[in-house]
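Worksheet: one structure, shown below.
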Amino acid sequence: AQRVTQVQPTGSSQWGEEVTLDCSYETSEYFYRIFWYRQLFSGEMVFLIYQPSFDTQNQRSGRYSVVFQKSFKSISLVISASQPEDSGTYFCALSEPRLGYKLTFGTGTSLLVDP
Amino acid sequence: EAAVTQSPRNKVAVTGGKVTLSCNQTNNHNNMYWYRQDTGHGLRLIHYSYGAGSTEKGDIPDGYKASRPSQENFSLILELATPSQTSVYFCASGQGGNSDYTFGSGTRLLVI
């Protein structure tokens, strides 16, 4: 069973628009973190932001923020003022301390931002 | 700058042959991970390690072995490579706590 689900295989936006990418996950742990990574067309994985489970505040980092709905086990990545350079594949990943901090990935959302 | 370096970047192997993928990190992270990426599956965990001398099975360990001889180095070994192991392999390091994970650039493996 998929523990991290990204139901949008693809997405698109126009330059300057706000983009929301969705992710849901399954865990029985109290402490965990949800990470967002972007994979460039070269294959490089770039860290964007993470949300700790114990923090009720939605995290922000530059143009990236998350909407964390803990009770629904759902988290969305919001990219403000999207740019063509934001194009790539976005992965959501779950990290659980009790399971060795290993990252469990979703299948990714491929985003294309039109100029 | 702290980094994760994988070698080789590309590899062509013959079915039944032995393949070793190498990973070196300068982050001084305790934990290291090997993933494979295939279309439609995202990244799937093969093996991971908590430190020198330790290896643990991930979600898809069959057909793979791992070796962690030192804090810095973590190898993935395919004793008898098969075409189904054709994939892109990523190594990563992490420390848990409040740190993120650093990924290598990936190794493209083609088994013919």
Can you give the average number of partner chain beta-carbon atoms within 10 Å of each beta-carbon in peptide A:43-54, as a whole number?
3
Run the simple label-point estimate for residue A:41 and residue B:112 please: 7 Å along Cα→C-beta, distance reported in nm.
2.7
B:46, B:60, ranked by accessible area, largest first (probe 1.4 Å)
B:60, B:46
Per-pair calculated FRET efficiency, R0 = 30 Å: residue B:57 and residue A:74 via Cβ, rounded to 0.05
0.50
Let me know the mean shielding of A:96-105 by other chains, meaning the per-residue number of their Cβ atoms within 10 Å of its Cβ.
6
Cleavage-rule hits (chymotrypsin sites (Phe, Trp or Tyr not before Pro)) in the stretch A:18-55: DSSP loop, at most 10 neighbouring Cβ within 10 angstrom
A:30, A:41, A:54
Cβ-Cβ FRET estimate between residue A:5 and residue B:14, R0 fixed at 41 Å, reported to 0.05
0.65
Note the full-extension length gain between residue B:95 and residue B:3 as 0.36 nm times their separation in residues minus their Cα-Cα distance, in nm to one decimal.
31.8 nm
Quick one: putting +1 on the C-beta of Lys and Arg, -1 on the C-beta of Asp and Glu, what dipole do you get for the stretch A:6-115 around its Cα centre, in Debye to the nearest 20?
380
Extension gain residue B:65-residue B:82, at 0.36 nm per residue separation less the Cα-Cα distance, in nm?
4.7 nm
Hey, got a sec? Which GluC sites (Glu not before Pro) in the stretch A:1-93 land in a DSSP loop and have at most 16 other Cβ atoms within 10 Å?
A:17, A:18, A:26, A:29, A:44
Expected max-MSF residue from B:17, B:53, B:40 in the GNM of chain B (alpha carbon, under 10 Å) is B:40
Roughly what would the spin-label model give for residue A:83 and residue A:20, points 7 Å off Cα along C-beta, in nm?
2.4
Chain A, relative contact order in percent, only Cα pairs under 8 angstrom and at least six apart counted:
37
Per the C-alpha gyration tensor (a ≥ b ≥ c, the square roots of its eigenvalues), the protein assembly as shown is rounded if a/c is under 1.5, else prolate if a/b beats b/c, else oblate; here it's prolate
Per-residue Cβ counts within 10 Å, from other chains only, averaged over B:52-59: what number is that?
1
Greater than 23 Å separation of Cα atoms is the criterion. Which listed pairs, B:11/B:65; A:102/B:65; A:70/B:57; A:73/A:102; A:73/B:57, meet it?
A:70/B:57; A:73/B:57
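The values are calculated or read from the model by the stated rules, or taken from the named source; none is laboratory data. Predicted, not measured: the structure shown is a model, and the values here were computed from it. No Cβ is skipped: glycine too gets one built from the backbone with ideal geometry, and neighbour counts run over all protein chains shown. Side chains are part of the model used for accessible areas, which takes the heavy atoms of the whole protein and leaves out ligands, DNA and RNA. Shrake-Rupley method; radii C 1.70, N 1.55, O 1.52, S 1.80 Å.
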